[in-house]
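The values are calculated or read from the model by the stated rules, or taken from the named source; none is laboratory data. Please read these numbers as outputs of a predicted model, since none were measured by experiment. Please note: Cβ atoms are built from the backbone with ideal geometry, for glycine as well, and neighbour counts cover all protein chains shown. These accessible areas exclude ligands, DNA and RNA; they are computed on the full protein's heavy atoms, side chains included. Shrake-Rupley method; radii C 1.70, N 1.55, O 1.52, S 1.80 Å.
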Amino acid sequence: MKRIILFVLTNLAVVVVLGIVASLLGVNRYLTPNGLNLSSLLGFALVMGFGGAIISLLISKPMAKWTSGVQVIAQPQNADEAWIVETVRKFADKAGIGMPEVGIFEGAPNAFATGAFKNSALVAVSTGLLQGMTREEIEAVIGHEVAHIANGDMVTMTLIQGVMNTFVVFLSRVIGYAVDSFLRKGDDRDSGPGIGYYISTIVLDIVLGFAAAIVVAWFSRQREFRADAGAAQLMGRKQPMMNALARLGGMTPGELPKSVAAFGITGGIGQLFSTHPPIEERIAALQNAT
């Protein structure tokens with residue numbers, strides 16, 4: 001709940017700061033004659049940045065179940081399922097969070113955690129992971145996912161995404177109106193937005209969206225290091241997590257749906273846009289951890 005409140009307050013703070021800066025710079029004086037009301041734009045940016053991100057967070061668990069085909073273990077049907085559930089329970093108790101739902105999905109090696117709240121999250125592991133790793137390595141991966149939940153990473157990433165969305169929506173439209181105003185200088189036929197605004201806004205939404213994605217991916221990579229360290233702490237030693245990462249480095253990881261890709265044990269394409277650091281860097285960080 002604290003992180004949800006922080007999420008709301010941060011987005012409000014972003015909008016307030018944008019409004020103050022724009023007012024100090026006199027931006028509204030130049031934009032309003034061309035049809036842009038700065039106050040309305042700030043409200044629109046808040047709704048777009050905050051609304052979309054929080055809705056995605058709230059539906060993250062059911063969407064993850066549906067898109068990944070997760071079979072929730074309501075009652076363990078065999079010894080392996082019982083062990084997985086008990087492992088999650090052990091780590092959840094140690095981390096001080098409520099017992100997450102536990103599930104298995106078909107696919108290549110991977111695992112993820114998701115959910116809007118710490119005490120009602122979901123931990124899911126793939127059949128490929130269960131078949132390709134030792135129990136100790138699987139335990140480390142489960143510890144990594146429980147650490148994500150305990151760290152509140154789902155809300156943190158939603159917060160960052162919401163803030164980035166707010167900036168993208170606000171800046172693209174302010175700059176779009178400025179460009180349109182310059183192109184239509186001296187034209188008093190219609191004060192509404194022209195083609196320059198629409199083209200500029202579309203282009204800037206794409207360009208600034210890529211820039212925002214780079215920022216979000218950077219934060220995601222830092223979060224992975226913390227989850228690795230969290231798994232080592234939950235297990236009482238770091239070697240199992242290092243072994244699990246080394247094992248993953250020799251496997252072809254399974255692709256997760258976009259909604260939960262950032263919360264998997266591995267994944268991401270390209271250095272700037274990758275949600276996960278290279279396996280070698282993660283192992284080195286654990287080795288150097290005190």
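Tabulated results
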| item | result |
| --- | --- |
| Top-ranked residue of the range 235-255 - restricted to ones that are small (Gly, Ala, Ser) and at pLDDT 80 or above, ranked as surrounded by the most Cβ atoms within 10 Å (Cβ to Cβ) | Ala244 |
| Among (1) part of a helix (DSSP H, G or I); (2) free of Cβ contacts under 8 Å to residues at least 60 places away in the same chain; (3) over 19 Å from the mean Cα position of the chain (by Cα), the one test that Lys185 misses | (1) |
| Residue in the range 102-125 that is among the hydrophobic types (A, V, I, L, M, F, W, C), closer than 18 Å to Gln75 by Cα and open to solvent by 20 Å² or more (accessible area, probe 1.4 Å) present | yes |
| Matching residues, the range 216-231, being within 11 Å of the chain's Cα centre (by Cα) and open to solvent by less than 10 Å² (accessible area, probe 1.4 Å) | Ala217, Ser220, Arg223 |
| Candidate set: the range 35-53, residues that are of a type outside the set (Ser, Thr, Tyr) and surrounded by fewer than 17 Cβ atoms within 10 Å (Cβ to Cβ); chosen: the one modelled with the lowest pLDDT | Gly35 |
| Selected residue (criterion: nearest to Met154 (Cα to Cα)) from residues of the range 59-97 that are surrounded by 14 or more Cβ atoms within 10 Å (Cβ to Cβ) and without any contact (Cβ under 8 Å) to a residue 24 or more places away in the chain | Arg89 |
